1. Can you name the residue in the range 740-764 that is open to solvent by less than 10 Å² (accessible area, probe 1.4 Å) and over 21 Å from the mean Cα position of the chain (by Cα) and is also nearest to T630 (Cα to Cα) among such residues?
2. Working carefully through the options L49, L10, L27, find the one that is modelled with pLDDT of 95 or more, assigned to a helix (DSSP H, G or I), farther than 30 Å from Y591 by Cβ and over 37 Å from the mean Cα position of the chain (by Cα).
3. Assess whether T679 counts as being open to solvent by 40 Å² or more (accessible area, probe 1.4 Å) and of a type in the set (S, T, N, Q).
4. Collect the residues in the range 251-292 that are assigned to a loop (DSSP other than H, G, I, E, B), open to solvent by 40 Å² or more (accessible area, probe 1.4 Å) and basic (K, R), keeping them in residue-number order.
5. Do any residues in the range 309-337 that are open to solvent by 10 Å² or more (accessible area, probe 1.4 Å) have Cβ atoms under 6 Å from those of residues that are among the aliphatic types (A, V, I, L, M), where the two are at least six apart or on different chains, and which pairs are they?
6. Of the numbered conditions (1) more than 23 Å from M571 (Cβ to Cβ); (2) of a type outside the set (K, R); (3) within 47 Å of the chain's Cα centre (by Cα), A61 satisfies every one except a single condition; which is it?
7. Scan L32, L54, L18 and give me the residue that is in contact with a His (Cβ under 8 Å, 6 or more places away or on another chain), open to solvent by less than 30 Å² (accessible area, probe 1.4 Å) and modelled with pLDDT of 90 or more.
8. Keeping to the range 193-250, report how many residues are part of a loop (DSSP other than H, G, I, E, B), open to solvent by less than 10 Å² (accessible area, probe 1.4 Å) and among the hydroxyl-bearing types (S, T, Y).
Amino acid sequence: MMTGTTQSTLLRSAAAVLGVLGLGLLLAGGWLVVLGGSWYYAIAGLGFLWTAVLLLRAHPAALWLYAAIVLASLLWALCESGLDWWPLAARGDVVFLIGLLLLLPPIARRLHHSQSESRLLRSPRMPLGAALAVAFLVAAYSWTIDLHERTGSVADAAAASATAQPQIPEGEWHAYGRTGYGQRYSPLAQITPENVESLEVAWQFRTGDVPGQPGDPVETTFQVTPLKIGESLFLCTPHQQVIALDATTGDEIWRYNPQIRDNLALQHLTCRGLSYHPGGAEAVAPDSAPRKSDVDLPVAATDGDADSCDAMLFMPTADGRLIALNPENGQVCGNFGNGTGQIDLWANMPNVKPGGYYSTSPVVVTADRIIIGGTVLDNVRVNEPSGVIRAFDLQSGALLWNWDPARPEATAPIPEGETYTASSPNSWSISSVDEALGLVYVPMGNQPPDQYGANRTEEVERYSSSVVALELETGQVRWVFQTVHHDLWDYDVPSQPSLIDLTMAGETVPALVQPTKQGDIFVLDRRTGAPILPVREETAPKGAVEPDWTAPTQPVSALSYRPDRISGKDMWGATIFDQLACRIAFHRLRYDGMFTPPSLEGSLVHPGNFGVFNWGSIAVDPTRQIAFVTPTYLPFVSRLVPRADETTLYVQDKAPEGSLPALNENFGAPYAVQLAPFTSALGLPCIQPPWGYVAAADLTTGKTIWQHKNGTVRDSSPIPLPFRMGVPNLGGPIITAGGVAFLSSALDYYIRAYDLQTGEERWRGRLPAGGQATPMTYTGQDGRQYLLVIAGGHGSLGTKTGDHVIAYALPRTRN
């Protein structure tokens, strides 16, 4: 039993805690009021302080006052967030817990009552208990509803018969998006919503290539989508090894190591996939030799260790090569590149710095040529390699044409001794191809630096942040559609376009579906680039730093997952205190809605350059004519830092070790840029959840059919709590004819299966590491449909790294 002295100590301690919290709320809340934010925190702080004084006096009115604080806080929370549980919890958790503390008998019994006081004052625990009960009931009721769910059925959408597309065996996967159409759709139907819960691990394989080796950049990632050709799987690892596996057993068949050179200036180290040609091609330029640069590159083929290949696998390397391999045995193809087995991608490049240019994504392969772009260093300096798109002869490796966005008309092979335009917009993502129309569709980035564009030319402006259709034969531009005008937000086009034929008003229209970082999904006629779903221009904020400028309007698609404009009430935190800190941070930043230009004081960019959609793209179903999409919402803060010279570090604390580049310094530009996610001191996003969804959209109408929160914070929070809050993802989904969609790339370590009709999660399997890649599916030699998942993690996201290749299948049927 507690003594009176102990109870008095507890009462004084409770008063002291409440006083400190109240003082903090009053001061920080007052700052928020000065910034133009909510008055609640300052008023609540006064209430806390007044309650603390009454507790020190052992006055029963303390509990009455605190009951009023509880009810007032509840009313304020409901006015700001409605019956949305997570925003309610952030506003009320501390208030509620303190109320429970004050109800404890050792505290409540120390409050003095005089006979002259009313009966109500002599029973202060009753009103506080009642207030807490009301708050609890409201919170409990909010658990039963979900304001962010949108229900529907794909059966309500227009359906159509399957349309023409590149023909490959049903059980195979020949390109990053299965075919050059980039649909991420498989015609396999063995796995269905009814039996998917029976999936089990069929085999696992460890590549032995784990990120974190000396010289690796932070963003060293295992993002590959393997190919399935014949009875083999083909994949590449972060450090560019190529591995062939038996598709049914997972046994290793062969492995090739390209011996990447050391001391590379890498921002990213990854390989998203390989490319494949089945053979039978004739050389377009058989007598022309591939070009060479002065870069000291390893030799892929030497006498006696090269094959003459019919079918070929193509692997881009981090040191700037494209290597051809024999799918049968992993030997270098000596008949490619005039006996070298490789193409030197540094040929005719300006600003040569190995590692500063290469293709992180698989190349496009057509009947007789290869089309390739590449990534350049983001926000390091203004003088980078060119963003040129090039086509090479499939057999000889000779240059057929080059499209330099800064010189778009000059597509004939560049003369020897000349260089392409430095720092022209590049294409780091995956292109798509329609060989019947003779067009390749290229998603474009920006000229560095991303956040400052005063020096961009008219040609650069035209092709930045756009999707461009180039003629396969000549490289000439057939059409261009720009998704962002004068991009200052790193809203480059990150996703592979998906090609699908849509039935519109009874007619078949060849369409291109282009997801974007800002959340728009543009549905265009892929013959002309004209919008199929309406696109309008909206007025955009003004006020870029001089002499830069902003575009007066920005395009908006009828099919869009753009986030709503946010305000102070959308700020969030685990408690009322970090939510208050986020509100103060929000009001100190410049925010005029989407497309707020970068600024010296700091601008809130929502969505951030992480994007609503990124390189994982979306999946489209050519039969149902729908898209399965995975929107993500994370704001970033962009702050310009004036530069006085071209050498001082303004963003980095110190120069990176070895050859790694100093990111965001923008050497040669007027400003460096500080970029960071908009998070609280606890590392949580400052905007309220959900932060990630899965959804289905009708591509013929632009309507969302259903939308659900996706993922838990189990692997993101200090305590592994399985709260389904809707978390970000980075990777891509796939769809199958069986009516199931698969996604592995949410921040929690699961592969999930969804009923495509309703979006209901039907199954999930625990992964040993982050699944930030795009899964694929195929048929094994035993006739079973397999689901293949890569679990390798992602450096920038902080998910657990690994080297896991995992195949799932339904149990074998017993005869």
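1. Narrowing the range 740-764 to residues open to solvent by less than 10 Å² (accessible area, probe 1.4 Å): 740-746, 748, 751-754, 756, 759.
Checking which are over 21 Å from the mean Cα position of the chain (by Cα) leaves us with 740, 756.
Numbers: V740: 15, L756: 13 Å.
The selected residue is L756.
2. Working: L10 fails: modelled with pLDDT of 95 or more; L27 fails: farther than 30 Å from Y591 by Cβ.
The match here is L49.
3. Working: open to solvent by 40 Å² or more (accessible area, probe 1.4 Å): yes; of a type in the set (S, T, N, Q): yes.
Taking the combined requirement at face value, the residue satisfies it.
4. Residues satisfying the conditions are R261, R291, K292.
5. Partner pairs satisfying both residue conditions: P327/A311; P327/L313; G334/A301; G334/A306.
6. Going through the list (1) more than 23 Å from M571 (Cβ to Cβ); (2) of a type outside the set (K, R); (3) within 47 Å of the chain's Cα centre (by Cα), A61 breaks only (3).
7. The conditions single out L32.
8. 4
The values are calculated or read from the model by the stated rules, or taken from the named source; none is laboratory data. Remember, it's a predicted structure, so these values are computed and weren't measured experimentally. We place every Cβ from the backbone using ideal geometry, glycine too, and count neighbours over all the protein chains shown. These accessible areas exclude ligands, DNA and RNA; they are computed on the full protein's heavy atoms, side chains included. Shrake-Rupley method; radii C 1.70, N 1.55, O 1.52, S 1.80 Å.
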